[in-house]
Amino acid sequence: MTRPRVVVAGLGDTGLLTARHLSRHVDVVGISTKAALVSGQELGMRLARPDEWAREYLIGFDRYRKLDGVRTVQGTLDGLSLADRVVSVRLPDGTSQTEPYDVLVIATGVTNGFWRRPDLQSPREVATALRAAHEQLAAAGSINVIGGGAAAVNAAANLALAWPETRVALYYPGDRALPQHHPRAWGTVSGILTRRGVSLHPGHRATVPPGFELDHITTGPVAFSTGQPDADADATLWAIGRVRPNTGWMPESLLDEAGFVQVTPDLAVAGASGVFAIGDVAATDPLRGSARNRADRLLADNVRRHLSGQPLRTYRPRRRRWGSVLGFQPDGLRVFTPSGRSFRFPAWSIQTVLQPWIVRRGIYGGIRPDDGGAR
Ligand SMILES: Cc1cc2nc3c(=O)[nH]c(=O)nc-3n(C[C@H](O)[C@H](O)[C@H](O)COP(=O)(O)OP(=O)(O)OC[C@H]3O[C@@H](n4cnc5c(N)ncnc54)[C@H](O)[C@@H]3O)c2cc1C
């Protein structure tokens, strides 16, 4: 008997995990513009300590043991026919192919800044871009970080840690940064930033230069629509949360007015039988937090339930953001709960317990050592 075929569109943080849960039960085809997981997590570590970041967050698909049965296709999705149940993919050589599905999981994420782009990239191109951003910031005597969300705060903290001589300034529009976290989280994080010498500038809404795509680190002064004087710096990092869903390849009837995929509480796509969505692209709730809330297991279960005609389970979003804000630090990894309290994995446990046992074995089901290939 032939097994059902599940196409996972986008093998980023959450598509990969969904594929990993399904691979033993159905035929899985994973389609992605990258040949590796290029995680959207930990911007600051990526910029300040790119080798360390790559070890944890840039990992070739061939290294995941649980993806062994998954066929991966590197290419750009450019069409979806609900009537024929196929997606079309443009391959790196310019040719196209179609992939039929019984179930389609949409996990193409969002475009954000220069660090989360949907472009087709080889591992070498990913590595070159990583290094270029790091070198530009390493050479700067002063850095503006624009934005108040977790990516901006994470970047400011990690850049100041890596280069204590560099003047790092954080500009954000509200009274406090991390507005989607519990206020207690900002209380803790702002103390750490201040101790690292980051200057904090609340009430500053930067003006995005006309025509600027937010796709690179800029040089020159930043202007503010809130009336303060321009802020000059050698380098400016824009992390203003202006995300764009990667859904240009899908029929508009499946999208909300902002272009995110409309889903019902069980992560099924409204009006498209056998189609599901997860991660930053899925309009589950205002925070679109199904990736960080680890809905991948529930979704994989719902895919199997759908295929066997059973009722689907419901995803319950959280009202506040939670998780690690600063990433790995010299004293370990601090994780903030939705109530703004935090607990910390001590530094000694990161490479002895957390990464090898909880993340690599527990979450991903085993990752082979890097042989220097795709990583
Ligand atoms: C284990 C885990 C821990 C996390 N911890 C935290 C945390 O502590 N704090 C926090 O704030 N967040 C955390 N997050 C969430 C994280 O910040 C983001 O929400 C997550 O990176 C989004 O994943 P995604 O799969 O939706 O998107 P992405 O990881 O961006 O994946 C999308 C993929 O689709 C590809 N793609 C896009 N368009 C196309 C196309 N047309 N054709 C083919 N491929 C395409 C992209 O290239 C990319 O590879 C965590 C997530 C996970 C899974």
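The values are calculated or read from the model by the stated rules, or taken from the named source; none is laboratory data. Every value quoted in this text rests on a predicted model; they were computed, and no experiment measured them. We place every Cβ from the backbone using ideal geometry, glycine too, and count neighbours over all the protein chains shown. The protein model used for the area step is the full one, side chains on, heavy atoms only, and it has no ligands, DNA or RNA in it. Shrake-Rupley method; radii C 1.70, N 1.55, O 1.52, S 1.80 Å.
The alpha carbon centroids of region 253-314 and region 1-73 are separated by 18 Å. The simple spin-label model puts a point 7 Å past each Cα toward its Cβ; for D68 and L287 those points are separated by 3.7 nm. Highest GNM mean-square fluctuation among T95, T33, T166, for the chain modelled with Cα contacts below 10 Å: T95. Taking all Cα pairs closer than 8 Å and separated by 6 or more residues, the relative contact order of the chain comes to 19 percent. What is region 207-277 by shape, rounded, prolate or oblate, if you read a ≥ b ≥ c off the alpha carbon gyration tensor as root eigenvalues and call it rounded for a/c under 1.5, prolate for a/b larger than b/c, and oblate otherwise? Prolate shape, in that a/c is at least 1.5 and a/b is the bigger ratio. One decimal place: the segment D256-D175 gains 26.1 nm when fully extended, by the rule 0.36 nm per residue minus the C-alpha distance. Overall shape: oblate for region 136-241, with the ratio a/c of the largest to smallest alpha carbon gyration tensor axis at 1.5 or above and b/c at least equal to a/b. Take every DSSP beta bridge whose two residues both sit in the chain; close to 50 percent of them are antiparallel.
Give, as ranges by residue number, the residues of region 38-73 whose backbone N falls under 18 Å from the point 7 Å along Cα→Cβ of H25. Flagged as within label range: 66-71.
For the peptides 227-234, 108-115, 265-272, residues were scored by their other Cβ atoms within 10 Å and the scores averaged per peptide; the highest-first order is 108-115, 265-272, 227-234. In plain terms, the chain from S339 to D371 could stretch by 7.4 nm, reckoned as 0.36 nm per residue minus the Cα-Cα distance. Measuring nothing but how far apart in sequence close Cα pairs (under 8 Å, 6+ apart) lie, relative to its length, region 136-241 scores a relative contact order of 35 percent. Extension gain for the segment T352 to D266, taken as residue separation times 0.36 nm less the Cα-Cα distance, is 27.3 nm to one decimal. The residues of region 136-241 present an accessible area of 43 Å² per residue when probed at 1.4 Å with all protein chains retained. Once neighbouring chains are kept in place and the probe is 1.4 Å, which whole percent of the accessible area of the chain is contributed by carbon and sulfur? Answer for the chain: carbon and sulfur cover 50 percent of the accessible area. Projection of the Cα convex hull of the chain, averaged over all directions and equal to a quarter of that hull's surface, yields 18.9 nm².
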